[in-house]
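Shown next, in structure tokens, is the structure this report addresses.
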Amino acid sequence: MSKVIVSLTLSSVLLALCVLAEAQQPGKVRKIGFLSQSGAASANIEAFRQGLRELGYIEGQNLVIEYRLGERGPRQTELATKLIREKVEIIVAVGAAAPAAKAATGTLPIVFLYSGDPVEAGLIDSLARPGRNMTGITWLAFELVGKRLEILKEAVPKVSRVAVLASPAHPGEQRELLETQSAARVLGTTLLYHQVNDTAEVNAALDMVIKENPNALLVFPDPVTNAHLTQIVDFAAKRRLPSVFGRKEPVEAGGLISYGPKLDETYRRIPVYVDKILKGAKPAELPTELPTKFELVINLKTAKQIGLTIPPNVLARADKVIR
């Protein structure tokens, strides 16, 4: 009997040790790619990492992220193809990198952060049912377009002629223009529209703005205007033009006002898609989201530089004031 007890005890110990050893073995290391032509601001990258950590994904432990940042044009599709060869499970594609990733694969899951209309761009079939290997978040929110013009008018009541810089090739931008024109009619404001598809057209548009002599500048957030951010901001400051943008980066660089989605919130939200797909969900069945949190940013240093006093009621609504 004692031998039986000893044998059972030994078996129990061995079983316990096996269970413990199995529990201590690290889980599967997941591998994803991150593709962005702009490089993405460090704060946005950190927001993305934070969202992953909140879901239990820790770089260097159970997660590897292959970053491919700062390349443009066809080079992005090449990088997406290389990420596929490196056996990433998902590609996170920001902005113009989304169409580039789409060109590289029709099967590997892609989660995007896209500034335009992903349906018009051909990335997905519909917001509710993307239907393909892509889904994510679009920064496009048509209800914000007229609001930007309203805020500009509140901040600078004398505004009556507004020069507009926008790229008509950017998916969704034509509807944005229609919404802006509608708001301008209500506000009694004249829009001076300039389409900009490349550097030459940006230069020509700014030359024409000088001749037209507007009293404000409205810049749509698209790849072309984003690529010429410094030039446009410097131009507005030199001409003492109040400027309004759809993203906060131009205001941090010296523009006057921005009103748009909180980018860090969208970057923090993207890991939810990553997690669901890694657990077996299909991008085709995960609805694409619209932004839900917005921010108003005002640069008081710029206001002082161009000789403006922003009304207190407008300042009180700002989420961030640069002094």
At q = 0.12, 0.21 Å⁻¹, what is the log10 ratio I(q)/I(0) for the stretch 43-123, with the Debye formula run over Cα points and no solvent?
-0.36, -1.05
Unsatisfied cross-links (Cα-Cα over 25 Å) in the set LYS248/LYS304; LYS28/LYS82; LYS31/LYS82; LYS87/LYS282; LYS238/LYS293
LYS238/LYS293
In a Gaussian network model over the chain where Cα atoms closer than 10 Å are linked, find which of ASP275, ASP207, ASP222 has the largest mean-square fluctuation.
ASP207
Helix-derived [θ] at 222 nm for the chain: sum -39500 (n - 2.57) over DSSP H runs of at least 4, divide by residue count, nearest 500?
-13500 deg cm²/dmol
I'd like the antiparallel share, as a percent to the nearest 5, of DSSP beta bridges with both residues in the chain.
10 percent
Gyration tensor (alpha-carbon) shape descriptor, the stretch 199-323, a/c threshold 1.5
oblate
When ranked by the protection proxy of mean other Cβ atoms within 10 Å per residue, highest first, what sequence do the peptides 123-129, 183-189 form?
123-129, 183-189
Quick one: compute a quarter of the convex hull surface over the Cα atoms of the stretch 58-191 and quote it in nm².
10.6 nm²
Give me the angle, in degrees from 0 to 90, between the Cα long axis of helix 2-24 and the longest principal axis of the Cα atoms of the chain, rounded to the nearest 10.
20 degrees
Which shape class applies to the stretch 127-172: rounded if a/c is under 1.5, otherwise prolate when a/b exceeds b/c and oblate if not, where a ≥ b ≥ c are the square roots of the Cα gyration tensor eigenvalues?
prolate
Neighbours of TYR273 by Cβ distance under 12 Å: Lys/Arg at +1, Asp/Glu at -1, summed charge +2
For the chain the mean separation of alpha carbon contacts under 8 Å (6+ apart) over residue count, i.e. relative contact order in percent, is 18 percent
Semi-axes of the equivalent ellipsoid for the chain, please: Cα gyration tensor eigenvalues, times 5, square-rooted, ordered largest first, whole Å.
49, 21, 17
Give the separation of the Cα centroids, the stretch 188-217 to the stretch 45-82, in Å.
37 Å
Percent of Cα-Cα distances greater than 14 Å, calculated over the stretch 78-149
57 percent
Under the √(5λ) rule applied to the eigenvalues of the Cα gyration tensor, what semi-axes describe the equivalent ellipsoid of the stretch 125-273? Give them in Å, descending.
27, 17, 15
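No lab work stands behind these numbers, since they all come straight from the coordinates. It should be emphasised that the depicted structure is a prediction, and the values quoted were computed from it without experimental measurement. Note: ideal-geometry Cβ built from the backbone for every residue, glycine included; neighbour counts use all protein chains shown.
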